[in-house]
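So the structure is just underneath, and the comments pick up after that.
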Amino acid sequence: MTSVLKDQKFSIVFDWFDQGRDGHLTRDDFQATARMFARVAHEDDHATAAAIHDAFDAWWELVLEHGDTGGDGRISREEFTTVMLVNVTAPEHFDRAVMAIADAVIRALDTDEDGVLSHDEYVRLYDVLGIPREHSSAAFAKLDLDGNGEISHAEFRQAISDFYLSADPDAPGNHLLGPVTP
Ligand SMILES: [Ca+2]
Ligand SMILES: [Ca+2]
Ligand SMILES: [Ca+2]
């Protein structure tokens, strides 16, 4: 198994984070992406918004410290896919920079506070992030691993792990952001 699939998934993330659409990632891009994610939180829920911003700050610091091999203070696509593979998804970094966002997002999406995400609760994430609905309903079906019509905290964490860590083309979490075809 090569890392072609992972490269492709990280490249999707790169395009998603490149809010300035200039082909490089900067601190501004990460902060803009954090603001977009923080919109899932209720306007009074400052703790969740802060957790999301802290995690994106940590992610950016990792990317800049370990990934800016060209030393120009911004991150090219190649620098990003490499630093994601080598550093950000390493066990000592992944929870703080990536899973912390997932945990905050789940709390914000579970508006009825029953500990699981219904279809309507889940697809609101995609609306906030600007991902088309046709992808969100397909993703919900794939990520609901036990098929009980709800996405549990564990199922969502598994999806995030699959997406960022798995080189398996059949991993359900590959569908997190829509179709992936290496
Ligand atoms: Ca660079
Ligand atoms: Ca719920
Ligand atoms: Ca389920």
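Data for the structure
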read-out: For the chain, built as a Gaussian network whose Cα springs stay under 10 Å, the top-fluctuating residue of I106, I12, I52; value: I12
read-out: DSSP-loop GluC sites (Glu not before Pro) across the stretch 112-146, with at most 14 other Cβ within 10 angstrom; value: E113
read-out: Mean ellipticity per residue at 222 nm, deg cm²/dmol - from DSSP H runs of n ≥ 4 across the chain, formula -39500 (n - 2.57); value: -17500 deg cm²/dmol
read-out: Ellipsoid semi-axes in whole angstrom, largest first, where each is sqrt(5λ) of the Cα gyration tensor of the chain; value: 25, 20, 14
read-out: Computed Kirkwood radius, in angstrom, where 1/r is averaged over Cα pairs of the stretch 59-100; value: 10.1 Å
read-out: All-pairs alpha carbon distance profile, the stretch 98-144, 5 Å steps from 0, percent; value: 5, 22, 29, 30, 14, 1
read-out: The chain: most fluctuating residue of D162, D112, D95 per GNM, C-alpha cutoff 10 Å; value: D112
read-out: Intensity falloff of the stretch 22-125 expressed as log10 I(q)/I(0), Debye formula with alpha-carbon point scatterers, at q = 0.13, 0.22 Å⁻¹; value: -0.51, -1.09
read-out: Carbon/sulfur fraction of accessible area - the chain, other protein chains in place, 1.4 Å, %; value: 50 percent
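The values are calculated or read from the model by the stated rules, or taken from the named source; none is laboratory data. Fair warning: this is a prediction, and the values are worked out from it, not measured in the lab. Backbone-built Cβ (ideal geometry, glycine too); neighbour counts: all protein chains shown. These area figures cover heavy atoms from the full protein model, side chains too; ligands, DNA and RNA do not enter into them. Shrake-Rupley method; radii C 1.70, N 1.55, O 1.52, S 1.80 Å.
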